[in-house]
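Peer 1: Before we start, here is the structure in question, set down as structure tokens.
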Amino acid sequence: MAVLINRDTRVMIQGITGKQGSYHSQKMTEYNVNVVAGISPGKGGRQVHGVDVYDTVAAAKKERRIDASMIMIPPAGVLGAAVEAIENKIPLVVIVTEFVPVHDSLVIRNMARAAGVRVVGPNTIGVISPGQSKVGIMPGYIYSRGHVGIISRSGTLTHEVSSNLTYKGIGQSTCVCIGGDPVKGTDFVDVLELFREDEQTEAVIMIGEIGGAGEELAARYVMENGYPKKIVAFIAGQTAPAGKKMGHAGAIVSEGFGTAKSKIDSLTKAGIGVARTLDQLLSMVK
């Protein structure tokens, strides 16, 4: 089993004729992802690495069954692309694009929730179920199939933790990068609920960072509902100065809110083991 995606997932790429869209369509195909369509207005009828291109999502959906979309277009066009995917009831929409305006992200999140569509991102590397499928831009070879689920705000740390787990012979069930922006379509609690019901996932790693309240809300969720699986966590940015953005738009500590200490205290209180270093995190998982 896996969460969000599996080997049967049929994927569409919005922005497939762009440089990044074309490159990652090839990498996804090489990973045996079932890429069934690409969207690029005005370029319908073409092919990119053997994938048929359509002008609109509606046109693609008339000819193809589509389970997920990956959006790889400039920030100004993300809202329109996401709305098109949501209105056409694409079940999973992964927004890789960075620098999406916050207001646009709010509109996308609210529309998706009302329509029953799952949005991951913006500013994400995507989702991967190793050995089965990926809807994202991660290098598949550093991930391996296993029983540890990962939820992360950081794409880089998702890569690093997964590759180190793989090196130590510990595989992953599904890795979900929820993105580093302050407004996200999916947060820690959403993915914890998915992993809770997933038979393949035996333990969960949460990779958080300073800023926002997602980690504290996850701790409250675990405290109020209990959790049947082991959770371990790591909070990045423990030495970051307050008020300074550290890589992600959502990684800002203001007036003591969203500090590493508050997150670590909340998680510890919920019975979640918090590692101080990535080496310690790997030891705790093992």
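The values are calculated or read from the model by the stated rules, or taken from the named source; none is laboratory data. This is a predicted model, so every value here is computed, not measured. Methodologically, a virtual Cβ is constructed for each residue, glycine included, from the backbone with ideal geometry; neighbour enumeration extends over all protein chains shown.
Peer 1: Starting from residues that are modelled with pLDDT under 95 and closer than 13 Å to Glu215 by Cβ, keep the ones in the stretch 228-252 and report whichever is farthest from the chain's Cα centre (by Cα).
Peer 2: Among those that are modelled with pLDDT under 95 and closer than 13 Å to Glu215 by Cβ, it is Gln238.
Peer 1: Can you tell me which residue within the stretch 167-176, out of those that are buried (at least 21 other Cβ atoms within 10 Å of the Cβ) and in contact (Cβ under 8 Å) with a residue 60 or more places away in the chain, is nearest to Glu215 (Cα to Cα)?
Peer 2: Val176
Listed here are the residues, each with its yes/no results for (1) farther than 21 Å from Ile125 by Cα; (2) in a loop (DSSP other than H, G, I, E, B).
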| position | (1), (2) |
| --- | --- |
| Ser25 | no, no |
| Thr29 | no, no |
| Val35 | no, no |
| Gly38 | no, no |
| Gly44 | yes, yes |
| Ala58 | yes, no |
| Ile66 | no, yes |
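Peer 1: Checking Ile16 against (1) part of a loop (DSSP other than H, G, I, E, B); (2) closer than 26 Å to Ile150 by Cα, which test does it fail?
Peer 2: (2)
Peer 1: Only one of Ala37, Ala76 is within 24 Å of the chain's Cα centre (by Cα) and within 17 Å of Gly136 (Cα to Cα); which?
Peer 2: Step by step, each of Ala37, Ala76 is checked, and only Ala37 is within 24 Å of the chain's Cα centre (by Cα) and within 17 Å of Gly136 (Cα to Cα).
Peer 1: List pairs: first in the stretch 180-202 and closer than 16 Å to Ala2 by Cβ, second assigned to a loop (DSSP other than H, G, I, E, B) and among the polar types (S, T, N, Q), Cβ under 8 Å, 6+ apart or cross-chain?
Peer 2: Sorted first by the residue in the stretch 180-202, then by its partner, the pairs are Phe195/Thr201.
Peer 1: A further question follows. Gln280 versus (1) at pLDDT 90 or above; (2) closer than 24 Å to Leu194 by Cα: which is the lone unmet condition?
Peer 2: Tallying (1) at pLDDT 90 or above; (2) closer than 24 Å to Leu194 by Cα, Gln280 fails exactly one: (2).
Peer 1: Condition (residue is crowded, with 24+ Cβ neighbours inside 10 Å and of a type in the set (Phe, Trp, Tyr)) applied to the stretch 226-245: is it met by at least one residue?
Peer 2: So far as the stretch 226-245 goes, yes, one or more of its residues are crowded, with 24+ Cβ neighbours inside 10 Å and of a type in the set (Phe, Trp, Tyr).
Peer 1: Determine, yes or no, whether Gln172 is touching a Pro at 6+ places or on another chain (Cβ under 6 Å), modelled with pLDDT of 95 or more and in the same structural domain as Gly136 (by TED's automatic domain parsing).
Peer 2: Spelling it out, Gln172 is indeed touching a Pro at 6+ places or on another chain (Cβ under 6 Å), modelled with pLDDT of 95 or more and in the same structural domain as Gly136 (by TED's automatic domain parsing).
Peer 1: May I pose another question? Restricting to the stretch 51-78, and then to whatever is among the hydroxyl-bearing types (Ser, Thr, Tyr) and in contact with a strand residue (DSSP E or B) (Cβ under 6 Å, 6 or more places away or on another chain), can you tell me which residue is nearest to Thr29 (Cα to Cα)?
Peer 2: My answer is Ser69.
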